[in-house]
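**Q** Quick one: the structure is below, questions incoming.
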Ligand SMILES: Cc1cc2nc3c(=O)[nH]c(=O)nc-3n(C[C@H](O)[C@H](O)[C@H](O)COP(=O)(O)OP(=O)(O)OC[C@H]3O[C@@H](n4cnc5c(N)ncnc54)[C@H](O)[C@@H]3O)c2cc1C
């Protein structure tokens, strides 16, 4: 396998995990990430390391995630759910109800899921990880492929393989020469990017005052702007987070300070006056980020589509350009587990090529 040289495009969980595995196998790679940071949809708040992207994994049926956090030595803990929950709607106002426990245990990483990003990237050779490298085009000379980046021609490497660790809808925007057939473009555009239509609000507090009042931090609202609130605390501090009930277009009409003000007012309605003074508030709108969402995602209502067939690009790209982002997984697509599953499948294929 000495001639194999792989360009990984995208430095989210899938790209980082692929690079980590390739590095351990001694296979040459370069990882290119469009943003000025690694992690993709995994992102932490400035203080406390609270998750603005994914928080949970479910070891009962996500065996790869469990194996990876164990391999990387990352401490995990159960989502806090003890106590009552709050509900609000226009008919009854704010009411306290007994909490419920979900059948599968939701696990979180101490320090947030960004710990996965730090742990994986710390194990990679820095010279082969390139930030601010947004792939615009891929050219094929018949033998090798050359990725072309937005910042110009200073990266003129060629590769035997290109692994695309990004949502299929973003891949549809990359210029391939020879061009991808219309059928492939339609297939790529048809796969929604999981959670791309969503946003998160996090309020970091000095104390978990809701726990002290016998509340879990869970809340559900038909008034909004948050539809669903949970405890976001970890060993670095206390916090509540919420998913929005207002859609991407409604959010886009408000400024971040207006959104934070409305969220804070809602937390006061739900949890009392102590919610009025967070140490820090964070808001991240994934629908407004072109490195995650397309216009199609912004219009979606957040559907979760499971793929039942692998996306294989037409010749001459088939087998040489592979999709390894979470949305390309045949199992758990869209989740962090899916990102690992999609990479593992392509790694098995690479192993079976021998010295190809
Ligand atoms: C708010 C929210 C909550 C979530 N909650 C959960 C949860 O609780 N549990 C769970 O399992 N999953 C959850 N998810 C989904 C989870 O975040 C994803 O499954 C996972 O992070 C996907 O990783 P990925 O590497 O496949 O894609 P991404 O993280 O999207 O990475 C793609 C990378 O490609 C880069 N990129 C894009 N275009 C280019 C280009 N042209 N050139 C170079 N690089 C490019 C991007 O900048 C990005 O870094 C959530 C997601 C969000 C947004």
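The values are calculated or read from the model by the stated rules, or taken from the named source; none is laboratory data. Since the model is a prediction, treat every value here as computed from it, not as a measurement. Note that we place each Cβ from the backbone using ideal geometry, even for glycine, and neighbour counts take in every protein chain shown.
**Q** Tally up the residues in the stretch 257-280 that are more than 22 Å from residue 85 (Cβ to Cβ) and in contact with a strand residue (DSSP E or B) (Cβ under 6 Å, 6 or more places away or on another chain), please.
**A** Residues that pass the stated criteria total 4.
**Q** Could you figure out which of (1) within 11 Å of the ligand (Cβ to nearest atom); (2) in the same structural domain as residue 295 (by TED's automatic domain parsing); (3) free of Cβ contacts under 8 Å to residues at least 60 places away in the same chain isn't true of residue 227?
**A** Every condition holds for residue 227 apart from (1).
**Q** Among the numbered criteria (1) under 19 Å from residue 34 (Cβ atoms); (2) assigned to a strand (DSSP E or B); (3) outside the structural domain of residue 331 (by TED's automatic domain parsing), which single criterion is violated by residue 53?
**A** Failing condition for residue 53: (2).
**Q** Hey, does the stretch 126-140 have a residue that's under 30 Å from residue 304 (Cβ atoms) and in a helix (DSSP H, G or I)?
**A** Within the stretch 126-140 (the criterion being under 30 Å from residue 304 (Cβ atoms) and in a helix (DSSP H, G or I)), the answer is no, since none of the residues qualifies.
**Q** Could you pull out the residue among 175, 157, 186 that is more than 30 Å from residue 82 (Cα to Cα), touching a strand residue (DSSP E or B) at 6+ places or on another chain (Cβ under 9 Å) and away from the ligand (no atom under 11 Å from the Cβ)?
**A** Criteria check complete, one pass: 157.
**Q** Of the residues 105, 70, which single one is modelled with pLDDT under 95 and either exposed (fewer than 14 other Cβ atoms within 10 Å of the Cβ) or in a loop (DSSP other than H, G, I, E, B) (or both)?
**A** 105
Residue-by-condition table, conditions (1) under 24 Å from residue 23 (Cβ atoms); (2) buried (at least 20 other Cβ atoms within 10 Å of the Cβ):
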{"site": "136", "(1), (2)": "no, no"}
{"site": "145", "(1), (2)": "yes, yes"}
{"site": "148", "(1), (2)": "no, no"}
{"site": "151", "(1), (2)": "no, no"}
{"site": "158", "(1), (2)": "yes, no"}
{"site": "164", "(1), (2)": "yes, yes"}
{"site": "168", "(1), (2)": "no, yes"}
{"site": "180", "(1), (2)": "no, yes"}
{"site": "191", "(1), (2)": "no, yes"}
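**Q** If you go through the stretch 1-10 one residue at a time, do you hit one that is more than 15 Å from the ligand (Cβ to nearest atom), assigned by TED's automatic domain parsing to the domain that holds residue 347 and not in a loop (DSSP other than H, G, I, E, B)?
**A** Checked the stretch 1-10: at least one residue is more than 15 Å from the ligand (Cβ to nearest atom), assigned by TED's automatic domain parsing to the domain that holds residue 347 and not in a loop (DSSP other than H, G, I, E, B).
**Q** Could you tell me whether the stretch 36-53 includes any residue that is buried (at least 22 other Cβ atoms within 10 Å of the Cβ), near the ligand (Cβ under 10 Å from one of its atoms), on the phi > 0 side of the Ramachandran plot and within 15 Å of the chain's Cα centre (by Cα)?
**A** Yes, there is a match, as at least one residue in the stretch 36-53 is buried (at least 22 other Cβ atoms within 10 Å of the Cβ), near the ligand (Cβ under 10 Å from one of its atoms), on the phi > 0 side of the Ramachandran plot and within 15 Å of the chain's Cα centre (by Cα).
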